[in-house]
Amino acid sequence: MEAEDGKTDAVERGFGGGELLKDFDAEPWLLDHAPDAANLPFDPVQPGDDSLLLCLVQHASFLQQGQTHYTSSNIPPVIAADRVTRRFDERVAVENVSFEVAAGEVFGLLGPNGAGKTTTLRMLGGLILPTSGTVRIDGEAYTRANGGALRARIGFLTETPGLWDQLTVEDNLSVYARLFSVPSPDFAAQRVLRLLELWDRRGDRAAVLSKGMKQKLALARALVHDPQVILLDEPTANLDPQTARTVRDLLRHLRDEGRTIVVSTHNLDEAERMADRVGLVSARLIAIGQPAVLRREVFGRRLRVRLLPSARPLQDFAGVVSRQGAHDVRLDGNELSMVLDAPDAGTPAIVRALVDAGAEIRAVFEDEPALEDVYMKLLSRQA
C-alpha cells in the first residue's frame, strides 16, 4: 500500500523492527520501543491503519518516559495549526494553513478529495510532521518529550481504519484499549459498545459486519480510551441515515462535555449538520467561519417569498418588490428571491406590497444557499 508521500506504508510491516515508524518522522528512540508482535496471539496490523500507528507511537513514547498508564485529566483540549505546510516530494498537499479549535467545539474541514483534509488530520494527530509550521495541542507543540502525552488525548478515526477481522467486535476494542493501557479495558470496551449500539453484535467477528457496522466499530475504537481531542475522517461514510443521525447526536454530546472535535469530509451538507464552524480547504485554507456567516459574506442576505399560483405573471410581482427597494430580484418557479439593504426592517413592507398587489403568500424566509455553492464561489475567487 502506498502512503501519501509514495513510500511503503510502515504499518504493513508489523510491530517489530526499526522500520515500523521510520517513514513517519519518528524520533530514533521510538524505534526501539515499538511493542513486539510476539506479545499478541494474532497478527495485529491491518494495512493503512493510521489509528493503530498512533497507538503504537503513543505506547512506545510512554514506555520511554517510564509511565504505565495514560491520563487526560486536567489537560484542556485545544488544537492550533500555525502556518502548517506539508509537501510530499514536489507535491504540496497542505499549504500555509492556520486555524484554532476550542474546547467544546466541532470544527469541520471541508473540501473535495485531494484537498489536503486527511493530511491535515494526520498532522494534527502527530502521525506526520509538517514540512513547515507548527501544530499545538493545548499550547504545546509536538516534541520528543511531550509527544506521547499529547497523543494520549487523541482519538483518531481514519478513512480506512483497518479492523482485526478474525477478532470479535468486543475483542477489537479490548485489545486496542490494552494497547493504550486503559484501566479496566473490558469495561471501556463495553461502554463504547453500548454507546454506539453495538452491544448485541459484540460476539460477532468483525469480518461479518456490514460496511456501516464496521464504521461504527471504528468510531467506537477511536473513543475507547476516552480521548479529549477527537479527529474524525469521514465519520458518517457508509452509514444509513438513522445511524448517521446517531453519530451526529453523539458528536454533539461529546462537544457538550467539552471535547475538541475536528471532522473531515467532502460532504458539505453533512458537515453543516455536525460542525459549529467550518474551514473550506483546497490545499490552502480558503475561508473559515460559521456556515451562516460564510453565506452572508459570499451571497449577502437574501429574502425568499413563496407565492401560491396566480393568474398574474410573477414578473409583475417582481416589479412590485423592486419599487419597494428590493434589488437583484430573481424568479424561481413560484418564488421571488431578492436582496434588501435592511432585511429585518424591510421585509414587512415587501409582504404588505405583495398582498396589496393581489399576491397570495405561502411562506417568507431567508434564502440559504447550499454550503457547496459557497465553497464553489469562494474557490472560483481563488482561481
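The values are calculated or read from the model by the stated rules, or taken from the named source; none is laboratory data. Since we're looking at a predicted model, the values are computed, not measured. In this analysis, Cβ positions are derived from the backbone assuming ideal geometry, glycine residues included, and neighbour counts consider all displayed protein chains. Surface areas here come from the heavy atoms of the whole protein model, side chains and all, with no ligands, DNA or RNA. Shrake-Rupley method; radii C 1.70, N 1.55, O 1.52, S 1.80 Å.
Observations on the model:
- Among the residues of segment 143-166, the ones that are modelled with pLDDT of 85 or more and either open to solvent by 30 Å² or more (accessible area, probe 1.4 Å) or in contact with an Asp or Glu (Cβ under 9 Å, 6 or more places away or on another chain) (or both) come to 9 in all.
- Breaking point among (1) in contact (Cβ under 8 Å) with a residue 60 or more places away in the chain; (2) in a strand (DSSP E or B); (3) open to solvent by 50 Å² or more (accessible area, probe 1.4 Å), for Val281: (3)
- Helices (runs of 4 or more DSSP H) fully within segment 88-179 that include at least 2 residues being farther than 20 Å from Thr260 by Cβ and in contact (Cβ under 8 Å) with a residue 24 or more places away in the chain: 169-179.
- From the list Gly358, Gly346, the lone residue that is touching a residue at least 12 places away in the same chain (Cβ under 8 Å), surrounded by 15 or more Cβ atoms within 10 Å (Cβ to Cβ) and small (Gly, Ala, Ser) is Gly346.
- Selected residue [among the basic types (Lys, Arg) and crowded, with 16+ Cβ neighbours inside 10 Å] from Arg245, Arg312, Arg295: Arg295
- Conditions (1) β-branched (Val, Ile, Thr); (2) within 30 Å of Tyr375 (Cβ to Cβ); (3) modelled with pLDDT under 95; (4) outside any helix (DSSP H, G or I); number of the one not met by Thr71: (2)
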